[in-house]
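*Asks:* My questions all concern the structure below.
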Amino acid sequence: MNINIQNLVRENIKTMQPYSSARDEFKDFEQKMIYLDANENPNDNGINRYPDTQQKSVKKILSGIKKVATSQILLGNGSDEVLDLLFRAFCEPNKDNVITLPPTYGMYDVLANLNAVENKEILLNDDFEPNVSKILSEVNENTKIIFLCSPNNPTGNSFSDESIVTLLESFNGLVFLDEAYIDFSSRESWLSKMNDYPNLVISQTLSKAYGMAGIRLGILYASIEIIEVLNKIKPPYNVNILTQYKAIQNLENTKKINKQIIDIQLEKKFLFKCLLKLNFIVKVYPSEANFILIKVDNANKRYQQLLEKGIVIRNRTSQPLCDNCLRITIGTSEENLKLINTLKEL
Ligand SMILES: *Cc1c(COP(=O)(O)O)cnc(C)c1O
């Protein structure tokens, strides 16, 4: 497919001049220089300087782990920020639209509303797969982005390769693939195929498998052309020094992270089996993520009962296709045991 990214970019973004920060104008980080350019306090306390606007050290490590060029990575203050940048770069308020597939992650709809962009919601099928023909029939000339979340939150399943390929090949806009839970999945990430599809934009995060929800670091991977557009509009210092420092420190310990992922997967298997045995649980959905979706006899009642015992889970019963469904995050082995024992007593 021949897709012209520039044609998708909003007019005002095409013509605007980005903010040029002091540190952008002089970029030589290698040499020891005297910095009298940014009105910082010169006394070194580790945080007196502005952060690297391009987070080069973090990207270098991610590039090594994920096998993606640093020029194809954009970092933000959580996935929320990179998602918002995508809306602002490509969706003209009060004119363009996007497509999302409920039940899914709530932020897509929030950000569409915030940016005054119509959100066309096309429900997943009963098996939680995208309804590809319906999606394509809803596309019009103002449809800029289709949001896919795989593994999907809250359903826990991954979408079939066939559905994703068909959308990538048939849609003349951006296909956003949210891989927040990919490290828990048996499927391979789509990162390795990114350069085959110029309209594929992938996001990942340090908030889930990597255990760094507190530092807020979201990652977007795309073609150099798309990354350049987003770089032009991002706030210059959007990832602070403390976040960059902690990300580097923890990403270097891949052994520990991989061990934790394996532990969480084992715990998930254990929980899955235990949940199947409880009589008020109607269904336990298979999960490629670090949570399990269950259907119970009465979600509001069971949710409340757990709360009273000091256990907080997520009640998803008001979501489409999630009647009486609860979403349970995999905890530590002690937490999971406590959960199971509590559920048995209900
Ligand atoms: C948790 C989650 C994220 C992560 O968001 P951050 O802002 O990076 O913490 C992104 N997408 C989905 C679907 C999620 O469930």
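*Asks:* Quick one: length gained pulling Leu346 to Lys309 fully straight, 0.36 nm per residue minus the C-alpha distance?
*Replies:* Full-extension gain reported as 12.3 nm.
*Asks:* By the gyration tensor of its Cα atoms, with a ≥ b ≥ c the square roots of the eigenvalues, what is the shape of segment 154-280: rounded for a/c under 1.5, prolate for a/b over b/c, or oblate?
*Replies:* It is oblate, given that a/c is not under 1.5 and a/b is not larger than b/c.
*Asks:* Then there's this: At q = 0.23 Å⁻¹, what log₁₀ I(q)/I(0) does a Debye calculation on the Cα points of segment 19-109 give, no solvent, two decimals?
*Replies:* Those come out to -1.25, one per q.
*Asks:* So, for segment 1-143, what is the accessible surface per residue at a probe of 1.4 Å, expressed in square angstrom?
*Replies:* Working: 7960 Å² over 143 residues.
I get 56 Å² per residue for segment 1-143.
*Asks:* Now, a different point. Treating only the Cβ atoms of Lys and Arg (+1) and Asp and Glu (-1) as charged, compute the dipole magnitude of segment 1-100 about its Cα centre; round to the nearest 20 debye. If you can, show how the numbers build up before the last one.
*Replies:* Numbers: 13 positive and 14 negative charges, 88 e Å.
Taking the Cα centre of segment 1-100 as origin, the dipole is about 420 debye.
*Asks:* Also, quick follow-up: State log₁₀ I(q)/I(0) for the chain at q = 0.12, 0.16 Å⁻¹ as given by the Debye formula over alpha-carbon point scatterers of equal weight, solvent excluded.
*Replies:* The computed values of log10 I(q)/I(0) come out as -0.93, -1.41.
*Asks:* Among Asn140, Leu230, Met16, which residue has its Cα furthest toward the positive end of the charge dipole of the chain, with +1 on Lys/Arg Cβ and -1 on Asp/Glu Cβ?
*Replies:* Leu230
*Asks:* Mind putting a number on the dipole of segment 255-345 about its Cα centre? Charges go on the C-beta only, +1 for Lys and Arg and -1 for Asp and Glu, and I need it in Debye to the nearest 20.
*Replies:* Roughly 180 debye for segment 255-345.
*Asks:* From the Cα gyration tensor of segment 1-71, with a ≥ b ≥ c the square roots of its eigenvalues, which class applies: rounded if a/c is under 1.5, or else prolate if a/b is larger than b/c, or else oblate?
*Replies:* Because a/c hits 1.5 or more and a/b fails to exceed b/c, segment 1-71 counts as oblate.
*Asks:* What ratio of Cα Rg to 2.2 N^0.38 Å holds for segment 105-178?
*Replies:* Cα Rg divided by the expected 2.2 N^0.38 Å: 1.06.
*Asks:* So how much slack lies between Asp127 and Lys14, counting 0.36 nm per residue of separation and subtracting their Cα-Cα distance, in nm?
*Replies:* 36.6 nm
*Asks:* How many angstrom separate the Cα center of segment 138-182 from the Cα center of segment 275-333?
*Replies:* Result: 26 Å between the Cα centres.
*Asks:* If I model a spin label at Asn300 and Leu114 as a point 7 Å from the Cα along the Cα→Cβ vector, what separation in nanometres do I get?
*Replies:* So the label points at Asn300 and Leu114 sit 3.0 nm apart.
*Asks:* At 222 nm, what helix-only mean residue ellipticity would the chain give, in deg cm²/dmol to the nearest 500, using -39500 (n - 2.57) for each DSSP H run of four or more?
*Replies:* -11000 deg cm²/dmol, from helical runs alone.
*Asks:* What dipole magnitude, in Debye to the nearest 20, does the chain give about its Cα centre under +1 on Lys/Arg Cβ and -1 on Asp/Glu Cβ?
*Replies:* Numbers: 40 positive and 42 negative charges, 228 e Å.
So the magnitude is around 1100 debye.
*Asks:* Kirkwood hydrodynamic radius, computed over distinct alpha-carbon pairs, for segment 287-327: how many Å, to one decimal? Before the final figure, lay out the partial values.
*Replies:* On the way: mean 1/r = 0.0961 Å⁻¹.
Result for segment 287-327 stands at 10.4 Å.
*Asks:* Gaussian network model of the chain, Cα springs within a sub-10 Å range: biggest mean-square fluctuation belongs to which of Gln17, Gln31, Gln204?
*Replies:* Gln31
*Asks:* Same structure again: Report the relative contact order of segment 255-345, percent, no decimals, based on alpha-carbon pairs under 8 angstrom and at least 6 residues apart.
*Replies:* Across segment 255-345, relative contact order equals 28 percent.
*Asks:* Rounded, prolate or oblate for segment 255-345? Axes are the square roots of the Cα gyration tensor eigenvalues, ordered a ≥ b ≥ c, and the cut-off for rounded is a/c under 1.5.
*Replies:* Prolate.
*Asks:* Would you work out the relative contact order for the chain, in percent, from Cα pairs under 8 angstrom that are 6 or more residues apart?
*Replies:* Computed value for the chain: 17 percent relative contact order.
*Asks:* Which Rg and Dmax, in Å, describe the Cα atoms of segment 104-145?
*Replies:* Every Cα atom of segment 104-145 included, Rg and Dmax give 11.4, 31 Å.
*Asks:* Filter the cross-link list Lys66/Lys259; Lys208/Lys277; Lys14/Lys59; Lys208/Lys259 down to pairs whose alpha-carbon distance in this structure exceeds 20 Å.
*Replies:* Violating the 20 Å limit, Cα to Cα: Lys208/Lys277; Lys14/Lys59.
*Asks:* Further, regarding this structure: With unit charges on the beta carbons (Lys and Arg positive, Asp and Glu negative) and the dipole taken about the Cα centre of the chain, which residue among Ile328, Ser57, Ser160 sits farthest to the positive side?
*Replies:* Ranked along the dipole, the leading option is Ile328.
*Asks:* In the chain, what cysteines have no partner Cβ closer than 4.7 Å?
*Replies:* Here Cys91, Cys149, Cys274 come out as lacking a disulfide-compatible partner, given the Cβ-Cβ threshold of under 4.7 Å.
*Asks:* With springs connecting C-alpha atoms under 10 Å apart, model the chain as a Gaussian network and identify which of Asp80, Asp127, Asp96 has the largest mean-square fluctuation.
*Replies:* Answer for the Gaussian network model of the chain: Asp127.
*Asks:* So, one more: For all pairs of alpha-carbon atoms in segment 56-119, what percent lies in each bin of width 10 Å, listed from the first bin to the last filled one?
*Replies:* 20, 39, 27, 14, 0
*Asks:* For a 28 Å ceiling on Cα separation, which of these pairs sit above it: Lys32/Lys56; Lys60/Lys95; Lys95/Lys295; Lys60/Lys255?
*Replies:* Lys60/Lys95; Lys95/Lys295
*Asks:* Please pull out the direction-averaged projected area of segment 221-297, using the convex hull of its alpha-carbon atoms, in nm² to one decimal place.
*Replies:* 8.7 nm²
*Asks:* Need one number: % antiparallel among DSSP beta bridges in the chain, to the nearest 5.
*Replies:* Numbers: 18 of 34 bridges.
DSSP beta bridges in the chain are roughly 55 percent antiparallel.
The values are calculated or read from the model by the stated rules, or taken from the named source; none is laboratory data. These numbers were taken from a predicted model, which means no experiment stands behind them. Heads up, the Cβs are rebuilt from the backbone with ideal geometry, glycines too, and the neighbour counts pull from every protein chain shown. What goes into the accessible areas is simple: the full protein's heavy atoms, side chains included, and nothing from ligands, DNA or RNA. Shrake-Rupley method; radii C 1.70, N 1.55, O 1.52, S 1.80 Å.
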